[in-house]
Amino acid sequence: MHKNANSLIILDFETTGLSPNNGDRAIEIGAVKLQNGEITDQFQELMNPGHPISYFIEDYTGITNNMLNKAAPCGEVMARFADFIQGQNLVAHNAAFDKRFLDSELQRISSGYDGQFTCSLLVSRRLYQTAPNHKLGTLINYKGITSNGSFHRALYDSEMTAKLWLAMIDDVQKKTQLDEIPFSLIQKLTKTPKAKMNKLLSSYR
């Protein structure tokens, strides 16, 4: 398992709703693999949840029932995705949401993963306290990162999260002067109160 924050998998789900506890399912998974700060692999598949999705979700994601009718069932896609993420730490923007769906869908096929999860949204709240909000699209603009696709599709969102993630790692590097940023430091950062963030980072100098 890579211990560095620039070698991991960044993932994003599109779903039928907000919570697997209410019977919601994943309809698309997108992910990129980072190795030493470079995207080296990607994964993107639609998956059929076994029932039609609402017009709201079709409109929000651009994923239609017609597209999902042709897609493999969730279980088949998630089995492939479980292989893709083994041995890697994981990141998502608003990870609490994506982790719930990852855990729920993998549980259905009696599978799991061995990496740890952290949240780019929580990191951004500490690093960019003057940003107007911490939505992915807002932060991409705030950091001046080029974007030319449409948000709310899983692979595009994970690619944009990867760009934001690398910008944040770079900013942490500048504040700590460490050559490599451990994943554990980023995890610690997400649990640190905003007012104590600079103290934490300066302690690594």
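The values are calculated or read from the model by the stated rules, or taken from the named source; none is laboratory data. Note that this is a predicted model, so its numbers are computed, not measured. When we count neighbours, we look across all protein chains shown, and the Cβ atoms used for this are built from the backbone with ideal geometry, even at glycine. All accessible areas refer to the heavy atoms of the entire protein, side chains included, with ligands and DNA or RNA removed. Shrake-Rupley method; radii C 1.70, N 1.55, O 1.52, S 1.80 Å.
Of everything in the range 151-175 that's charged (D, E, K, R), surrounded by fewer than 23 Cβ atoms within 10 Å (Cβ to Cβ) and in contact with a helix residue (DSSP H, G or I) (Cβ under 8 Å, 6 or more places away or on another chain), which residue is farthest from H134 (Cα to Cα)? Before you say what the answer is, go through the steps one by one.
Within the range 151-175, the first condition is being charged (D, E, K, R), and the residues that meet it are 153, 157, 159, 163, 170-171, 174-175.
Narrowing the set further to residues that are surrounded by fewer than 23 Cβ atoms within 10 Å (Cβ to Cβ) leaves 153, 159, 163, 170-171, 174-175.
Now narrow it down to the ones that are in contact with a helix residue (DSSP H, G or I) (Cβ under 8 Å, 6 or more places away or on another chain): 153, 163, 171, 175.
Details: R153: 18, K163: 15, D171: 16, K175: 21 Å.
Looking at the filtered set, the residue picked out is K175.
Look at T138 and say whether it is at pLDDT 95 or above and exposed (fewer than 13 other Cβ atoms within 10 Å of the Cβ).
On the way: at pLDDT 95 or above: yes; exposed (fewer than 13 other Cβ atoms within 10 Å of the Cβ): no.
It is false that T138 is at pLDDT 95 or above and exposed (fewer than 13 other Cβ atoms within 10 Å of the Cβ).
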(Q) Quick check on the range 105-113. Is at least one of its residues buried (at least 20 other Cβ atoms within 10 Å of the Cβ) and out of contact with any helix residue (DSSP H, G or I) (no Cβ under 6 Å at 6 or more places or on another chain)? (A) no
Q | Every residue from the range 152-202 that is closer than 15 Å to V32 by Cβ and outside any helix (DSSP H, G or I) | A | R153
Q.
Could you go through the range 119-132 and let me know if any residue there is open to solvent by 10 Å² or more (accessible area, probe 1.4 Å), touching a Cys at 6+ places or on another chain (Cβ under 8 Å) and farther than 24 Å from S184 by Cβ.
A. no
(Q) If I filter the range 97-132 down to residues being in contact with a strand residue (DSSP E or B) (Cβ under 7 Å, 6 or more places away or on another chain) and among the small types (G, A, S), which single residue comes out as nearest to E14 (Cα to Cα)? (A) S120
